[in-house]
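Below is one structure, written out as structure tokens, with a few remarks after it.
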Amino acid sequence: MSLTTLATQVLNGVSFGGLLFLVSSGFTLIFGLLRVVNLAHGALYLVGAYVGIATYTATSSFVLGAAAAAGSVALLGIGLERTVLRRVRGRELSEVLLTVGVSLVLADLCLALFGGDPKQVDVPSALAGSVTLGGFAYPRYRLFVAALAIALAVVLYVLTQRTKLGATIRAGVDDREIANALGVDISRVFTGVFAFGAALAGLAGFIGGGMLAILPGADVDILLLALVVVIVGGLGSVKGAAIGSLLIGLIDAFSKAWIPDLAYFTVFAPMALLLLLRPSGLFGKAA
Amino acid sequence: MPERAGRRRLLTTVLVSSLALVAIAAVPYTLSTFSVSLVTLVVAAGLLAVSVNMLAGELMLVSLGQAGIAAASAYGVGWAVGQGYPLAGQLLVALAATLVVSAVYAGMSLRTSGIYFLMATLALGMIVYGLAFRLSTVTGGENGLAGIAPPAPLRQSWQFYYWSVAVLVVVMVAWTVVQRSPFGLVLRGIRESESRMRSLGYNVAAFKFAAVMISGFVAGLAGLLTVWHSQFVSPSSAGFHRSALVVVMVILGGAGRTLGPVVGAALVVWTEQVVSTHFERWPTALGLLLVVVVLWAPGGFVGGLEAARSSLRLPAHSRTKG
């Protein structure tokens, strides 16, 4: 394998990992605080993608498309948390089953509203084309996704570790009851974090639309990858999601290049192995 | 007084079960071939749902990858048919595939519980799906394997129907016996408190492993019925959607209830096959139904019936007391 192909595969892995981080960071934030395994996260990704594409087509503004994707899915998240999930708080299995029901509904409504044809985001000219990096060309958009993921990681770090809001959220993660007793309106924090996590899923859908096709079934694909990432990294840990995304992104890129016959297997096998050896993941707290 | 009540209950049970038997036996005589085939599909799907319900009811372990085990069995038969093996060979290959895949699920159950088991089985199901998709020399890839006919005495739709019902009934009766056996009691003990059972000296790991293996075996049987019914298997039979629908069946029917999975399978298959011809948005209907059941009727359809019956009985009961 030449150095150029090696570098291309590494960049492919890093940029795909970046997209995975956009999806899985929201998933893991929601789990970390609310203890909800949100199996509707993939459907939220799909909704965000379709709404974003529709807005982008109507306004031809990429930024507006992204804002619409994140905003609409955040509202959807607030609705879900307030009307449905809240009623079964603390009953893990009921919560998971509810999100399965919600994902069935959302995915089917997307099919009804936006059809079954694959859609894609036509990347704006500023992000289109490729850049030449030391002798080989690489798509600019993929570098943009990787940069966006790194920026998000920094923002999330500062937000959770350096602000009062972040301290409140961390307090809620560590001990809901005590945080509540200390005067934190934990229910509002719950809704806020769910909305934020959902917004990230919606944004990821629109951003992902520039890299992957958006079509029925894409929700399940991305959900499963996000699950793998957070299980490898440790459920609830943002740091784990970052490292897991990078790892799975790289594994995916290299296995597609080297052993395309087993591409699916190579992503899920490490997860199964890790669950067997260390069920709490690389950075998760022991259950 | 209690003796008479007991005799009355026995009489009702005998009456209800003989009515059910007559109804089951009458299906091929009264319904069209299409409907018989549909009921058979319900039975096969119901059997897979029963296998999920075994673990959900006794151990609170919800498998979101059970279709993976059924698919392993189906692919086993399909491959053996392609190799020209006789029936016994086909069944052996199916059994081997089922047991190997089940053992992986069972091994996973030792390390995980609750939502972690759910996600682990989801991943395992997707591994089976991925392998079915990619190992095209064995599995036929995206096109799957076709021409997997049941043995000659089961080729007619009514023959296959009776055979499927017989398998389902035997499994359900056997499982009811197991539930009441010491083995079943230990499982329920593990569900209530794993650590307490461990300190009582029970080998919790061995019991969990055995329970998942039994459930996997039943899932394999369901895979066999399904593939003989459609005479075809493709990767989607192992997919997330399939496994999720099976869990939906269990929840709609009533998790932990003996008849729940079969009732749930009837609801889901009917929605999927019949409602879909009139109403294109049937997944929406199914999703909403799941949300409604989880929120307002956690006992599912069968649990709701039980509740209705006991509320009807209550006045009579209070009368004898007063």
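The values are calculated or read from the model by the stated rules, or taken from the named source; none is laboratory data. Since the structure is predicted, the reported quantities are computational estimates derived from the model, not experimental observations. As a convention, Cβ positions derive from the backbone with ideal geometry for all residues, glycine included, and neighbour counts pool all protein chains shown.
See the values below:
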quantity: Output for the range A:210-230, where each listed residue is over 13 Å from the mean Cα position of the chain (by Cα) and either more than 18 Å from residue A:69 (Cα to Cα) or assigned to a loop (DSSP other than H, G, I, E, B) (or both); calculated: A:210, A:211, A:212, A:213, A:215, A:216, A:217
quantity: Residue that is nearest to the other protein chains (Cβ to nearest Cβ), among those in the range B:80-90 that are touching a residue at least 24 places away in the same chain (Cβ under 8 Å) and surrounded by fewer than 18 Cβ atoms within 10 Å (Cβ to Cβ); calculated: B:82
quantity: Residues of the range A:56-89 satisfying the condition of being surrounded by 22 or more Cβ atoms within 10 Å (Cβ to Cβ) and β-branched (Val, Ile, Thr); calculated: A:73
quantity: Residue A:238 of a type in the set (Val, Ile, Thr), at the interface with another protein chain (Cβ under 10 Å from one of its Cβ atoms) and either surrounded by 17 or more Cβ atoms within 10 Å (Cβ to Cβ) or touching a helix residue (DSSP H, G or I) at 6+ places or on another chain (Cβ under 7 Å) (or both); calculated: no
quantity: Total residues in the range A:151-166, condition surrounded by 14 or more Cβ atoms within 10 Å (Cβ to Cβ) and either free of Cβ contacts under 8 Å to residues at least 12 places away in the same chain or among the β-branched types (Val, Ile, Thr) (or both); calculated: 3
quantity: Selected residue [more than 11 Å from every other protein chain (Cβ to nearest Cβ), buried (at least 24 other Cβ atoms within 10 Å of the Cβ) and touching a Phe, Trp or Tyr at 6+ places or on another chain (Cβ under 9 Å)] from B:225, B:252, B:267; calculated: B:225
quantity: In the range B:1-25, the residues that are among the aliphatic types (A, V, I, L, M), farther than 18 Å from residue B:154 by Cα and in a helix (DSSP H, G or I); calculated: B:5, B:10, B:11, B:14, B:15, B:16, B:19, B:20, B:21, B:22, B:23
quantity: Unique match (being outside any helix (DSSP H, G or I) and among the small types (Gly, Ala, Ser)) among B:166, B:210, B:149, B:174; calculated: B:149
quantity: From A:107, A:70, A:112, residue being more than 14 Å from chain B (Cβ to nearest Cβ) and either under 17 Å from residue A:212 (Cα atoms) or out of contact with any Ser or Thr (no Cβ under 7 Å at 6 or more places or on another chain) (or both); calculated: A:70
quantity: Verdict on residue B:107 being within 14 Å of chain A (Cβ to nearest Cβ), surrounded by fewer than 21 Cβ atoms within 10 Å (Cβ to Cβ), farther than 10 Å from residue B:216 by Cα and not hydroxyl-bearing (Ser, Thr, Tyr); calculated: yes
quantity: Looking only at the range B:230-249, and only at residues there that are in a helix (DSSP H, G or I) and more than 15 Å from residue B:219 (Cα to Cα), the one that is nearest to the other protein chains (Cβ to nearest Cβ); calculated: B:240
quantity: Scan of the range B:121-162 for residues that are without any contact (Cβ under 8 Å) to a residue 12 or more places away in the chain and hydrophobic (A, V, I, L, M, F, W, C), ordered by number; calculated: B:131, B:135, B:152
quantity: Which numbered condition residue A:229 fails, given (1) within 30 Å of residue A:273 (Cα to Cα); (2) in contact with a strand residue (DSSP E or B) (Cβ under 7 Å, 6 or more places away or on another chain); calculated: (2)
quantity: Criterion (more than 22 Å from residue B:244 (Cα to Cα), in contact with a Lys or Arg (Cβ under 7 Å, 6 or more places away or on another chain) and either more than 11 Å from chain B (Cβ to nearest Cβ) or at pLDDT below 90 (or both)) met by exactly one of A:250, A:262, A:274; calculated: A:262
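One line per residue, one yes/no per condition, for (1) away from chain A (no Cβ under 14 Å); (2) more than 30 Å from residue A:267 (Cα to Cα):
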| site | (1), (2) |
| --- | --- |
| B:99 | yes, no |
| B:121 | no, no |
| B:141 | no, no |
| B:149 | yes, yes |
| B:157 | yes, yes |
| B:187 | yes, yes |
